[in-house]
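Remarks on the structure that follows.
The values are calculated or read from the model by the stated rules, or taken from the named source; none is laboratory data. Keep in mind that this is a model prediction, so the values were computed, not measured. Reconstructed Cβ throughout: ideal geometry from the backbone, glycine too, with neighbour counts over all protein chains shown.
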Amino acid sequence: MTQTPPTPPDFYRIKKLPPYVFQEVNTLKAKLRSEGADIIDFGFGNPDLPTPPHVIDKLIETVQKPNTTGYSASRGILGLRQACARYYSRRFNVELDPKDEIIATIGSKEGFANLAQAITAPGDIIYAPDPSYPLHAYGFIIAGAEIQPIPAITADEYLAGIKTALASAKKRPIAIVVCFPSNPTGHVADLDFYAEIVAIAKKHGILILSDLAYSEIYFTDTPPPSIFQIPGARDIAVETISLSKTYSMAGWRLGFVVGSKRLIAALARVKSYLDYGAFTPIQVAACAALDGPQDCVAEAREIYKSRRDVLIESFARAGWDITPPDASMFVWAKLPPAYMQMGSLEFSKQLMIEASVAVSPGVGFGDNGEGYVRMAVVENQQRIRQAARNLKQFLS
């Protein structure tokens, strides 16, 4: 009689990862669509706006040159790093050296994940915001670190939590993750926040990893700042930025890590073993995005703002009052009072089944995200208003 072989144990790093909450929602979404449902999808932050034509034209022009289709460089071509330096100079009045303070990455997500691999030893402690983009914690967990989540609905709450954690810490963290404008909450931080967190990091010998992916999608009079506007920050900090949302180039996979020479060198060393950089024509096209006309960025910002406003106003009429975010392409919404006991995951499922509206459960962004959902404004105004009509019926 043939014996069933024993089930092999999970791999070491896989065991460290929790069940992927968003997979439950995505599986249900696929099932409902296969049955013919028209799902209005606010769940996935995938920009629906077109990439600017001059960027596409530069890609087409470059890809037809035979010398551009071979291996590239893991650091990114020099011209692209210089374009990034010009962006920082123009936008933040910060001067960076493209040779050793900037590295191009295959999306900011790749840069962040490989930086975690580069600087982390097993048992290291990382302070990460909660709620936040899952990679901010799990990139380090995969690398062997221990995460101490700090409540971070707002920048002030996060700063206070860091101070409290450090005051009672038996072992100091090696790094603090910062993400403002925040994904998922849409809250922003000002220069006073960055000045204080830089001072704390310098006092305790801690690194800062700042995620600035949503620097250009803001709805306040003052644009979100960079940590490098604080003197001395580049000694202990790096910042990740992305072209995905700014220029609607999510699938192009192009971003940057900039700042501390020591951290950039560590990331470059790891990347040199793992990749040859993004496809060269994409890098050349990215130069056209950064150096070319920027009216496309302002237009995208205005579209996201108008969608945000329509969602807030139409959902309020349907019976769900939501605080408008200051930045990002996301709306962070507390569950309607009658549904708080249901929890964000079950609410997200019921909303999709009963109202054909997909959202991301807040608990997927950390324990402190329970009681909220995140909505990406990647549907047009007509679809948003239809979602509100469906929602009104669901809530009633």
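Would you confirm whether or not the stretch 244-257 contains a residue that is more than 21 Å from the chain's Cα centre (by Cα) and either over 21 Å from ILE141 (Cα atoms) or modelled with pLDDT under 95 (or both)? There is no residue in the stretch 244-257 that is more than 21 Å from the chain's Cα centre (by Cα) and either over 21 Å from ILE141 (Cα atoms) or modelled with pLDDT under 95 (or both). For the stretch 8-49, filtered to residues that are aromatic (Phe, Trp, Tyr) and out of contact with any Leu (no Cβ under 9 Å at 6 or more places or on another chain), the residue that is surrounded by the most Cβ atoms within 10 Å (Cβ to Cβ) is PHE22. Scanning the stretch 280-302 for residues that are of a type in the set (A, V, I, L, M, F, W, C) and either under 19 Å from TRP252 (Cβ atoms) or more than 22 Å from the chain's Cα centre (by Cα) (or both) yields ILE282, VAL284, ALA285, ALA286, CYS287, ALA288, ALA289, LEU290, CYS296, VAL297, ALA300. May I ask you to verify whether VAL363 is part of a helix (DSSP H, G or I), aliphatic (A, V, I, L, M) and closer than 18 Å to SER182 by Cα? Yes, satisfied.
Just for strands (runs of 3 or more DSSP E) wholly inside the stretch 221-336: which have at least 1 residues that are within 18 Å of PRO98 (Cα to Cα) and in the same structural domain as LEU207 (by TED's automatic domain parsing)?
237-242, 255-259
Cβ separations smaller than 9 Å between residues 6+ apart or across chains give the following pairs from the stretch 276-288 residues that are at negative phi to residues that are at pLDDT below 95 and part of a helix (DSSP H, G or I): PHE279/THR68; THR280/ASN67; THR280/THR68; PRO281/THR68; VAL284/THR68.
Would you be able to tell me the number of residues in the stretch 342-357 that are closer than 18 Å to ALA388 by Cα and either part of a helix (DSSP H, G or I) or in contact with a Phe, Trp or Tyr (Cβ under 6 Å, 6 or more places away or on another chain) (or both)?
Final tally of qualifying residues: 9.
Within the stretch 56-79, residues that are in contact (Cβ under 8 Å) with a residue 24 or more places away in the chain and in the same structural domain as PHE279 (by TED's automatic domain parsing) sit with their Cβ atoms under 8 Å from residues that are of a type in the set (D, E, K, R) and not in a helix (DSSP H, G or I), at 6+ positions apart or across chains, in these pairs: SER74/ASP275.
Residues in the stretch 174-187 that are crowded, with 24+ Cβ neighbours inside 10 Å and either in a loop (DSSP other than H, G, I, E, B) or at positive phi (or both): PHE180, PRO181, SER182, ASN183, PRO184, THR185, GLY186. Taking first residues from the stretch 192-221 that are without any contact (Cβ under 8 Å) to a residue 40 or more places away in the chain and partners that are of a type in the set (D, E, K, R) and in a loop (DSSP other than H, G, I, E, B), the Cβ contacts under 6 Å between residues at least 6 apart in sequence or on separate chains come to HIS204/ARG172. Of the residues making up the stretch 94-119, just one is at pLDDT below 95 and either in a loop (DSSP other than H, G, I, E, B) or not assigned by TED's automatic domain parsing to the domain that holds ILE142 (or both), namely GLY107.
So ILE353 ticks every box in (1) free of Cβ contacts under 8 Å to residues at least 60 places away in the same chain; (2) aliphatic (A, V, I, L, M); (3) farther than 30 Å from LEU80 by Cβ; (4) surrounded by fewer than 19 Cβ atoms within 10 Å (Cβ to Cβ) but one. Which box is left unticked? Result: ILE353 passes all but (1). Entry remark, the stretch 54-68: residues being in a helix (DSSP H, G or I) and either modelled with pLDDT of 95 or more or on the phi > 0 side of the Ramachandran plot (or both) number 10 in total.
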